[in-house]
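Below is one structure; the comments refer to it alone.
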Amino acid sequence: MSDPPVGVIGSDDYGPAIATRIAACGYRVLYAGLPGSPVVTRGQRLEPASTPTDVAFECPVVLVAVDDTEAMRGLLVGNPDRMGMGAEMQPGSVVVDLGARTPRELQALLGLLGTRGVALVDAALIGGSDAAAEGRAKIMLGGYPDSVEIADKVLSLLGQVERTGPLGSAHAIAALMGYVEAAHAVAREEALALGRACGLTPDVLVRMLSDASLARETNITRLERRADLARRIARDRGLSAEIIDLAAEKQSRQRSENR
């Protein structure tokens, strides 16, 4: 008897990329896309399914790349017109949530599945759909150990898996990574504007503000002085320095609390 298929359900380009990659690794894959999602072409091991419920019925592991939480809930519980995935999957099956949800939302979704004996783990793909399709993504994975062990075997086909802890931890760490990246992007944009206002040329700015060139100092006092200097330059030129302003306000509060 052949191994059971792996299920993939998607709403954007991540779903087809994941399904194609897993099929290329020798696994039979059933794929169902939500309305408006990219079409997947049938292959030797890749089979488009009519509905997500068809996928759930046959697959003990289903990867769901759907960000919208209401859409995800609808997939699990169904509606008056159709059964949800939770009612079709066999006890012991695992749903891998590749969306973007808070720990509280994930616990609520787990509650919808737990009565059926179906497990839920959360995973986050770092690197984009191209990285997943080429097996070089970084994957954060959270959930109960037994379920994580099962999901890991499939997710490792997409890249390097990093286990992050309990359910909700994978989506949380991915959110924190995005938070830092967004703050870095805003700070860099403001720094470039300040540099131009000071007469620095674009090539100097790009070279000196690259990740490789930025100093990794541990002298907090010196860092604060340099940040304060940048803040004064911004005020002098009438430009934005919101990241530095927020940092200065936080440092001021911390100093007041420590007195």
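The values are calculated or read from the model by the stated rules, or taken from the named source; none is laboratory data. This is a predicted model, so every value here is computed, not measured. For neighbour counting, all protein chains shown are included, and Cβ atoms are generated from backbone atoms with ideal geometry for every residue, glycine included. Note: areas computed on protein heavy atoms with side chains; ligands, DNA, RNA excluded. Shrake-Rupley method; radii C 1.70, N 1.55, O 1.52, S 1.80 Å.
In table form, for the structure just shown:
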| quantity | calculated |
| --- | --- |
| Residue check, VAL148 within 16 Å of the chain's Cα centre (by Cα), of a type in the set (Val, Ile, Thr) and farther than 20 Å from ASP12 by Cβ | no |
| Top-ranked residue in the range 39-54 [being under 23 Å from the mean Cα position of the chain (by Cα) and surrounded by 15 or more Cβ atoms within 10 Å (Cβ to Cβ); ranked as farthest from GLY99 (Cα to Cα)] | VAL40 |
| Lone unmet requirement of (1) open to solvent by less than 60 Å² (accessible area, probe 1.4 Å); (2) outside any helix (DSSP H, G or I) for VAL154 | (2) |
| Selection from the range 4-21 of residues that are surrounded by fewer than 22 Cβ atoms within 10 Å (Cβ to Cβ) and not in a helix (DSSP H, G or I) | PRO4, SER11, ASP12, ASP13 |
| Any hit, the range 132-142, residues being modelled with pLDDT of 95 or more, touching a helix residue (DSSP H, G or I) at 6+ places or on another chain (Cβ under 8 Å) and under 20 Å from GLU70 (Cβ atoms) | no |
| Any chance ARG163 is of a type in the set (Lys, Arg) and at pLDDT below 80 | no |
| In the range 151-164, the residues that are small (Gly, Ala, Ser) and over 15 Å from the mean Cα position of the chain (by Cα) | ALA151, SER156 |
| Neighbours by Cβ (under 8 Å, 6+ apart or cross-chain): first from the range 119-138, on the phi > 0 side of the Ramachandran plot; second in a loop (DSSP other than H, G, I, E, B) and open to solvent by 20 Å² or more (accessible area, probe 1.4 Å) | GLY127/ARG136; GLY135/CYS25; GLY135/LEU157 |
| Close pairs (8 angstrom Cβ cut-off, 6 or more residues apart or separate chains): without any contact (Cβ under 8 Å) to a residue 24 or more places away in the chain in the range 182-202, open to solvent by less than 60 Å² (accessible area, probe 1.4 Å) anywhere | ARG188/LEU209; LEU192/LEU205; LEU192/LEU209; GLY195/VAL204; GLY195/LEU205; GLY195/LEU209; ARG196/LEU205 |
| Considering residues of the range 74-100 that are surrounded by fewer than 16 Cβ atoms within 10 Å (Cβ to Cβ) and either in contact with an Asp or Glu (Cβ under 9 Å, 6 or more places away or on another chain) or at pLDDT 90 or above (or both) only, the residue nearest to ILE126 (Cα to Cα) | GLY92 |
| Filtered residues of the range 55-66 (kept if open to solvent by less than 10 Å² (accessible area, probe 1.4 Å) and either touching a Pro at 6+ places or on another chain (Cβ under 6 Å) or in a helix (DSSP H, G or I) (or both)) | VAL55, ALA56, CYS59 |
| From ASP81, ASP68, residue being among the acidic types (Asp, Glu) and touching a residue at least 24 places away in the same chain (Cβ under 8 Å) | ASP68 |
| Of residues in the range 107-134 being assigned to a strand (DSSP E or B) and touching a Ser or Thr at 6+ places or on another chain (Cβ under 6 Å), the one least open to solvent (accessible area, probe 1.4 Å) | VAL121 |
| Filtered residues of the range 25-38 (kept if hydrophobic (A, V, I, L, M, F, W, C) and over 12 Å from ILE9 (Cα atoms)) | CYS25 |
